[in-house]
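**Q** There's a structure below that I have some questions on.
The values are calculated or read from the model by the stated rules, or taken from the named source; none is laboratory data. On a predicted model such as this, the values are computed, not experimentally measured, just so you know. Note that each Cβ is placed from the backbone with ideal geometry, even for glycine, and that neighbours are counted across all protein chains shown. SASA here: full protein model, heavy atoms, side chains in, ligands and nucleic acids out. Shrake-Rupley method; radii C 1.70, N 1.55, O 1.52, S 1.80 Å.
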Amino acid sequence: VQLQATGGGLVQPGGSLRLSCAASGNRASFNDMNWYRQAPGKQRELVASITSGGSANYVDSVKGRFTISRDNAKNTAYLQMDSLKPEDTAVYYCNAFFTGWGYRWGQGTLVTVSS
């Protein structure tokens, strides 16, 4: 099973991006899905998570601006990022738990917030 994260790019402050994380392969239905980010020179941090039942949690710095969601039929999760700030600049990684496979990481997608 593999995860592929897409949707990163360059956006101006105040703008929006939507990241996608698609699972593929055998038994690609995931349970919990997490989005992490790692800024240059900083540790990787958990940004948002969603359970198999759809319950979501967010780090305080993105509450009210980011929304995590999932489409189980497509084995895909999303991170809608609005009102982006320069401090949101980072490589964003998805991470999901698969029954029988354990946790898997996507390859990361770069988000740059700059004018």
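**Q** What whole-number distance in Å separates the alpha-carbon centres of the stretch 19-45 and the stretch 92-115?
**A** Going from one Cα centre to the other spans 2 Å.
**Q** Additional query: So which lysines can LYS63 reach, going by Cα to Cα under 22 Å and dropping same-chain residues fewer than 8 places off?
**A** Here the lysines satisfying the reach criterion relative to LYS63 are LYS42, LYS85.
**Q** Taking amide H atoms as placed 1.01 Å from N in the peptide plane, list the residues 5 or more away in sequence, or in a different chain, whose amide H sits under 5 Å from that of VAL47.
**A** When sequence neighbours closer than 5 places are left aside, the close amide H contacts are TRP35, TYR36, ARG37.
**Q** How large is the dipole of the chain about the Cα centre if only Lys and Arg carry +1 and Asp and Glu carry -1, each at its Cβ, rounded to the nearest 20 debye? Could the numbers behind the result be given before it?
**A** Numbers: 11 positive and 7 negative charges, 33 e Å.
Taking the Cα centre of the chain as origin, the dipole is about 160 debye.
**Q** So, for the chain, what is the accessible surface per residue at a probe of 1.4 Å, expressed in square angstrom? Working shown, then result.
**A** On the way: 6000 Å² over 115 residues.
Counting only protein heavy atoms, the per-residue value for the chain is 52 Å².
**Q** Right, next: Could you run the Karplus curve 6.51 cos²θ - 1.76 cosθ + 1.60 with θ = phi - 60° over the stretch 99-106 and give me ³J(HN,Hα) per residue in whole Hz, x for Gly and Pro?
**A** Coupling constants for the stretch 99-106: 4, x, 10, x, 7, 10, 10, x Hz.
**Q** At 7 Å along the Cα-to-beta-carbon direction for both ASN72 and GLN43, put a label point, then send me their distance in nm to one decimal.
**A** 3.4 nm
**Q** At 7 Å along the Cα-to-beta-carbon direction for both GLN2 and GLN107, put a label point, then send me their distance in nm to one decimal.
**A** 0.7 nm
**Q** A follow-up question, please. Just to verify a number: FRET efficiency for GLU87 and SER55, C-beta to C-beta distance, R0 = 30 Å, to 0.05?
**A** Details: r = 26 Å, r/R0 = 0.88.
The calculated FRET efficiency here is 0.70.
**Q** Taking the chain as a Gaussian network, Cα atoms linked when under 10 Å apart, which of THR89, THR99, THR51 shows the biggest mean-square fluctuation?
**A** THR99
**Q** Once phi is turned into ³J(HN,Hα) by the Karplus curve 6.51 cos²θ - 1.76 cosθ + 1.60 with θ = phi - 60°, what whole-Hz value does each residue of the stretch 81-90 show in order, with x for glycine and proline?
**A** For the stretch 81-90, the Karplus-derived couplings read 10, 10, 6, 5, 10, x, 6, 7, 4, 4 Hz, x marking Gly and Pro.
**Q** Determine the sum of side-chain charges near MET81: Lys and Arg each +1, Asp and Glu each -1, restricted to other residues whose C-beta is under 11 angstrom from that of MET81.
**A** Details: positive: ARG18, ARG37, ARG65, LYS85; negative: ASP82, ASP88.
Summing Lys/Arg as +1 and Asp/Glu as -1 gives +2.
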